[in-house]
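See below for the structure under consideration.
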């Protein structure tokens, strides 16, 4: 299963549309906040893709895609528990400690977050909890047009990569 991950579009939806159009096998899109109006507009163009979203610190609306959008979400895909958030509630700009605690509290395999505008991937194998990944796609709304690609399979570890239009 292919998932595309976007964050921080800040009223610039062009790269979201372009990435989904290039990755025609995308089944799920995660939007990690700061541009809910963008994802609200984009999702209508791709009716066969499941869109999941959270609000960011710059999102002043709470409704998008005809539903109320929260600050965090979670879903299980291909046997992996994925927690997704913007990151502002967990101090993402100051380090990953809050996101690590979130992963352990939620028993997550993967935590997706944005807010920092910087692509990031790290694997944690803590003694007091199960292993997990932290992944940030960067910002899709600026010159680099950074986004994330997550490939999931029931029988293997998740595969992460970053895409860009730079």
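Read-outs throughout are calculated quantities, based only on the coordinates presented, and are distinct from any laboratory measurement. Note that this is a predicted model, so its numbers are computed, not measured. Here the Cβ is made from the backbone with ideal geometry for all residues, glycine too, and neighbour counts use every protein chain on show.
Return the residues of region 87-119 that are on the phi < 0 side of the Ramachandran plot, without any contact (Cβ under 8 Å) to a residue 24 or more places away in the chain and out of contact with any helix residue (DSSP H, G or I) (no Cβ under 9 Å at 6 or more places or on another chain); say none if nothing qualifies.
Result: 93, 94, 105, 118.
Could you tell me which residue of region 121-143 is farthest from residue 160 (Cα to Cα), considering only residues that are surrounded by 13 or more Cβ atoms within 10 Å (Cβ to Cβ) and more than 17 Å from the chain's Cα centre (by Cα)?
Of everything passing the filter in region 121-143, 129 is farthest from residue 160 (Cα to Cα).
Tally time: how many residues in region 1-19 are closer than 25 Å to residue 154 by Cα and out of contact with any strand residue (DSSP E or B) (no Cβ under 6 Å at 6 or more places or on another chain)?
Counting residues in region 1-19 that are closer than 25 Å to residue 154 by Cα and out of contact with any strand residue (DSSP E or B) (no Cβ under 6 Å at 6 or more places or on another chain) gives 0.
Consider only pairs whose beta carbons are under 9 Å apart and that are at least six residues apart or on different chains; among these, list those whose first residue lies in region 128-148 and is touching a residue at least 40 places away in the same chain (Cβ under 8 Å) and at positive phi and whose second residue is in a loop (DSSP other than H, G, I, E, B) and surrounded by 24 or more Cβ atoms within 10 Å (Cβ to Cβ).
These pairs meet every condition: 138/7; 138/8; 138/114; 138/146; 145/138; 145/139.
Every residue, every condition in (1) within 19 Å of residue 95 (Cα to Cα); (2) touching a strand residue (DSSP E or B) at 6+ places or on another chain (Cβ under 8 Å); (3) part of a loop (DSSP other than H, G, I, E, B), yes or no:
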{"position": "122", "(1), (2), (3)": "yes, yes, no"}
{"position": "127", "(1), (2), (3)": "no, no, yes"}
{"position": "139", "(1), (2), (3)": "yes, no, yes"}
{"position": "150", "(1), (2), (3)": "no, yes, no"}
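Please specify each residue of region 2-43 satisfying the condition of being loosely packed, with under 15 Cβ neighbours inside 10 Å and assigned to a loop (DSSP other than H, G, I, E, B).
Correct list: 11, 24, 25.
Sort out which residues of region 60-86 are assigned to a loop (DSSP other than H, G, I, E, B), touching a residue at least 40 places away in the same chain (Cβ under 8 Å) and either at negative phi or surrounded by fewer than 11 Cβ atoms within 10 Å (Cβ to Cβ) (or both), and write them in order of number.
Within region 60-86, 79, 86 meet the criteria.
If you scan region 149-166, which residues turn out to be more than 24 Å from residue 116 (Cα to Cα), touching a residue at least 24 places away in the same chain (Cβ under 8 Å) and surrounded by 12 or more Cβ atoms within 10 Å (Cβ to Cβ)?
The answer is 152, 153.
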